[in-house]
1. In region 141-162, how many residues are away from the ligand (no atom under 16 Å from the Cβ), under 13 Å from R180 (Cβ atoms) and either in contact with a Gly (Cβ under 7 Å, 6 or more places away or on another chain) or in contact (Cβ under 8 Å) with a residue 40 or more places away in the chain (or both)?
2. Would region 115-128 turn up any residue that is among the β-branched types (V, I, T), more than 13 Å from the ligand (Cβ to nearest atom) and either in contact (Cβ under 8 Å) with a residue 60 or more places away in the chain or outside any helix (DSSP H, G or I) (or both)?
3. If you check P138, P132, which single one turns out to be over 30 Å from K65 (Cβ atoms) and out of contact with any Gly (no Cβ under 8 Å at 6 or more places or on another chain)?
4. Tell me, please, whether a residue that is farther than 23 Å from Q89 by Cα, in contact with a Cys (Cβ under 9 Å, 6 or more places away or on another chain) and not aromatic (F, W, Y) can be found in region 118-138.
5. Considering only region 259-290, state which residues are within 13 Å of the ligand (Cβ to nearest atom), within 24 Å of the chain's Cα centre (by Cα) and of a type in the set (A, V, I, L, M).
6. Counting just the residues of region 181-211 that are of a type in the set (K, R) and touching a Phe, Trp or Tyr at 6+ places or on another chain (Cβ under 8 Å), which one comes out farthest from the ligand (Cβ to nearest atom)?
7. Please find, within region 79-93, the residue that is farthest from Q218 (Cα to Cα) out of those that are surrounded by fewer than 24 Cβ atoms within 10 Å (Cβ to Cβ) and under 17 Å from the mean Cα position of the chain (by Cα).
8. Out of all the residues in region 212-230, which are small (G, A, S) and within 11 Å of the ligand (Cβ to nearest atom)?
Amino acid sequence: MNTKKNILITGGAGFIGSNLSTFFLNQGNKVVVIDNFLTSNKENLSSFKSNIDFEFFFGDVTQKKIFTQLNKMNFDIIYHLASPASPKQYVKYPTETLMANSLGTLNTIDYVLKSRSHTFIYASTSEIYGDPLLHPQPESYWGNVNPVGIRSCYDESKRFGETVCTTSYRQNNIDVRIARIFNTYGPNMEKDDGRVISNFIVQSLSNKDITIYGNGTQTRSFCYISDLVEGLVALSQPNLAGQIINIGNDDEKKIVDIAKLIKKKTASKSQLVFKPLPSDDPQKRKPDLSKARKLLDWQPKIDLSNGIDKTITYFKTRFKI
Ligand code: UDP
């Protein structure tokens, strides 16, 4: 029997959070979202804001008062997603990023203890592997991160967030799980968040130059949002306390090939132009998904071509490009 669950999602108005909220509401659960709209969008909540199982709290996870407002409401699952998450956004908001993943994680875990909530799932990132020297990246890899570079506000605060989680698991026996989320794309991405897929689709649809940073031989492995959501949901199943699991897609592609694919699919007149590579931009990235396949009985299903088609349709419809 499917019992109704109470779920808290910090950062629930963001790209991943809003898709996760939609999934849980569609399954008949109660979803509470905390968001301060720093890099997210009210519009992402519009389809369910009148749903009686949805509740929204405007606020910042780095402030204790937002948790006081929850009034010790007890949750079956808490997803802590609140943080700027694209390179453009965390370089623009470095202090907010540091704080959301450090103090914000401490505050959210403190709330788990005080409210006697059950499962805490932390949205970590493939960025904790930095510019990896091991390929593909298994969860056992400690990474190669520049602690003082432009990405460090994100990479190091996510690493610290993981430390908060694992310490709370050992010291307070909190049921924490860590999702290391790899590059994800799909509906509810912002059109100006600077990520490669949103940039290339928007540029192609408006026949503007497609901006390739560096020579485009760097690689990423892109996961469609519905697969990512299913992975995050699978991570909430029983008996996974203390687990750290990569979630993404292991179909690795060169950035220049992504540009060509999107240009072709949109029948665009755009030119491919090459711009300087930002510092510390990882040369390659691909998750080792063995652990996810084994422990979550999950794997990505949507291939890149299909996912890009759906994402192009989303950008055309939502932004009228
Ligand atoms: N990138 C690019 N052109 C763009 C945006 C990004 O060539 O307009 C590159 C970027 O340098 C990186 C990759 O695409 O190598 C993925 O960038 P994104 O910002 O999406 O995320 P990252 O994986 O770097 O966190």
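The values are calculated or read from the model by the stated rules, or taken from the named source; none is laboratory data. If you're wondering where the values come from, they're calculated on a predicted model, not measured in any experiment. Ideal geometry is used to build each Cβ from the backbone, glycine not excepted, and the neighbour counts take in all protein chains shown.
1. Residues meeting the conditions: 2.
2. Yes, because at least one residue in region 115-128 is among the β-branched types (V, I, T), more than 13 Å from the ligand (Cβ to nearest atom) and either in contact (Cβ under 8 Å) with a residue 60 or more places away in the chain or outside any helix (DSSP H, G or I) (or both).
3. P138
4. no
5. If the condition is that a residue be within 13 Å of the ligand (Cβ to nearest atom), within 24 Å of the chain's Cα centre (by Cα) and of a type in the set (A, V, I, L, M), then A259, I262, L277 are the ones that fit.
6. The initial filter retains those residues of region 181-211 that are of a type in the set (K, R), namely 191, 195, 208.
Of the ones still in play, those that are also touching a Phe, Trp or Tyr at 6+ places or on another chain (Cβ under 8 Å) are 191, 195.
Values: K191: 12, R195: 4 Å.
Here the answer is K191.
7. Among those residues, the one meeting the criterion is Y93.
8. Scanning region 212-230 gives G214, G216, S221.
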